[in-house]
1. Across every pair of different alpha-carbon atoms, what Kirkwood hydrodynamic radius in Å does segment 83-154 reach?
2. Please report the antiparallel percentage of the DSSP beta bridges confined to segment 82-162, to the nearest 5.
3. Give me a comma-separated list of calculated 3J(HN,Hα) values for segment 212-221, in order, Karplus coefficients 6.51, -1.76, 1.60 applied at θ = phi - 60°, integers in Hz, x for any Gly or Pro.
4. Express the relative contact order of segment 92-200 as a whole percentage, based on alpha carbon pairs under 8 Å and six or more residues apart in sequence.
5. Sequence-distant or interchain residues sharing an amide H contact under 5 Å with residue 220, placed H: which?
6. Kindly report, to the nearest 10 Å², the accessible surface of residue 198 as traced by a 1.4 Å probe over protein heavy atoms only.
7. Compute the FRET efficiency between residue 228 and residue 95 as 1/(1 + (r/R0)^6), taking r as their Cβ-Cβ distance and R0 = 45 Å, and round to the nearest 0.05.
Amino acid sequence: MHPGDNVKNLALSGTVVVAVVVAATALATGGAVGGSASADPATAAPSAAVTAAGTPAASPATPDASATATPSPGDASSGTGARRQGLGQIKARLTDGQPLSITVLGDDSSVSDAGWVFLWARDTLGADHTVVYHEYSRSTGGYTAPRTLSTNGPTIDVWNASYLSATAPKDTADLGKLYPQPTDIVILNLGHQDDPATFDTDVSTLWQAVTAQQTPLGLVMLQNPETATTSLQDTRMKNLARTADRLGLPTVDVHTAFAQATVPLTQLVIGARPTQQGAELWVATVTAALK
């Protein structure tokens, strides 16, 4: 060993001893090494909740800020290991000026030209996009001739794969017919006809089938309440919210928007299907969530 090494070792040992003494003194007096003491947890400010921003255009009943998103991109993965998505990704895709394809896998609540999907495509998306609308026909097992709803900018193809009595298992079985390629965003609008006992598994299986073909952005609609079986639909949507969170998918809470509307539910829904006023409220809720 070089003679100078003993001096170096003694110097280092002295530094360590001093550091230990300083740390012990700080702990004894309630301080913190290298800075001030941490704030009292009881007085710490809570984190802000994430809600959809914006106020929709005038509608028969204005939705509140209940259209919520699961955590934004870059957050931790969900319990299934799926990469967590957020509404921000969908908002960005809707405004990036590039061609876009959206598929809606839906049930009775989103069928026909009176349904929210058609109205959203024509009135919201069509305001600054060229919208080409494709409607699925259950009787033929394919899409009807496309219709151009507007010519105001970059093209969005909307594939409305909604039909009466649709369920998650039916959609999984018929996905080859329902799901055009490629699709950038897939919206799940199911629940009214689904079995509450198996809904979580059925939706998970459907989303696995979707992502087996490609990896689109996903969005889950928490559907409107029902006038005949209100508690049953409430349970479905609570379970669906948990399922969406587990799959890492954002949601739009239409259910709460209907429940908190300033008009009676009977004016918004007949059975399980939204009225014209209900469809307009649905569009306003989605539009506000995706601003």
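The values are calculated or read from the model by the stated rules, or taken from the named source; none is laboratory data. All values reported here derive from a predicted model rather than from experimental measurement. Methodologically, a virtual Cβ is constructed for each residue, glycine included, from the backbone with ideal geometry; neighbour enumeration extends over all protein chains shown. Keep in mind that these areas ignore ligands, DNA and RNA; they rest on the heavy atoms of the full protein, side chains included. Shrake-Rupley method; radii C 1.70, N 1.55, O 1.52, S 1.80 Å.
1. That comes to 13.5 Å for segment 83-154.
2. Given both bridge residues lie in segment 82-162, the antiparallel proportion sits at roughly 30 percent.
3. Result, rounded to whole Hz: 5, 8, 6, 10, x, 6, x, 8, 10, 8.
4. This gives 37 percent for segment 92-200.
5. It is 188, 251, 252, by chain and number.
6. That residue has around 60 Å² of solvent-accessible surface.
7. Once the sixth-power term is evaluated, E becomes 0.70.
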